[in-house]
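Below: one structure, written as structure tokens.
The values are calculated or read from the model by the stated rules, or taken from the named source; none is laboratory data. These numbers come from a predicted model, not from an experiment. Note that we place each Cβ from the backbone using ideal geometry, even for glycine, and neighbour counts take in every protein chain shown. Ligands, DNA and RNA are excluded from the accessible area calculation, which covers all protein heavy atoms including side chains. Shrake-Rupley method; radii C 1.70, N 1.55, O 1.52, S 1.80 Å.
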Amino acid sequence: MQWWKRLIFSVISLLWGYVSLDYLYYAFSRLVNAKGKAEYYTPENDGLFQLLGFGMFLLWFFITAVYFFIIKKSSAQIDLIEEDYKTGKQKFKKKWTDIVLQAAFIITGMILRWGYVVYIYLPGA
């Protein structure tokens, strides 16, 4: 992958990780019905919010899978062929460097958001 593509994907991954933490927190709060009043649970109203939270999780995983698919198609399509020295059989090794790098940037974005919330936002509240 060319350096400018990798830079663009890295910035997108950092932003996606930064925004994803709040999105996943909101989806989780919908999924577990975190309104604070368990005695007022009604399946007609609250069950729909739980389905919405589950759908939000599925949407996040779908968007992330599509993003990784785009990264895979943008990276070099050359696989490595290695030969096992004991058996003499050839093995194909796929290059996962770009996907692992962008996953690390997504996790880094999440950690940056968490650090912002814990060390800057919450102490001031």
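Count the lysine pairs in the chain whose Cα atoms sit under 18 Å apart, keeping only pairs 8 or more residues apart in sequence or on different chains.
9
Counting only protein heavy atoms and a 1.4 Å probe, tell me what percentage of the chain's accessible area is made up of carbon and sulfur.
Details: 6660 of 9470 Å².
Here it works out to 70 percent.
Show me the helices of the chain, taken as full DSSP H stretches, that run 30 Å or more along their long axis by Cα and average 0.0 or above in Kyte-Doolittle hydropathy.
On the way: long enough: 3-31 (40 Å, 0.68); 46-74 (42 Å, 1.39).
Counting only whole DSSP H runs, the qualifying helices are 3-31, 46-74.
Dipole size in debye (nearest 20) for the chain around its Cα centre, Lys and Arg Cβ +1, Asp and Glu Cβ -1?
Details: 14 positive and 9 negative charges, 95 e Å.
I would put it at about 460 debye.
Work out the charge dipole of the chain with +1 on the Cβ of Lys and Arg and -1 on the Cβ of Asp and Glu about the Cα centre, then indicate which of Tyr18, Val100, Ser74 is farthest towards its positive end.
Ser74
Before I look further, what does the chain give for accessible area per residue, probe 1.4 Å, in whole square angstrom? Walk me through the numbers on the way to the answer.
Values: 9470 Å² over 125 residues.
With the other protein chains kept in place, the chain gives 76 Å² per residue.
Would you check the accessible area of Lys94, probe 1.4 Å, heavy atoms only, in square angstrom rounded to 10?
120 Å²
Which FRET efficiency value, to the nearest 0.05, is calculated for Met1 and Lys86 with the Förster distance at 25 angstrom and r the Cβ-Cβ distance? Present the calculation step by step, with values, prior to reporting the outcome.
On the way: r = 33 Å, r/R0 = 1.34.
Working from the Cβ atoms, E equals 0.15.
With Cα extents along the principal axes in Å defined as stated, name the option among [x] 50, 24, 20; [y] 48, 29, 25; [z] 67, 36, 27 computed from the structure displayed.
Recomputing Cα extents along the principal axes in Å here picks out [z].
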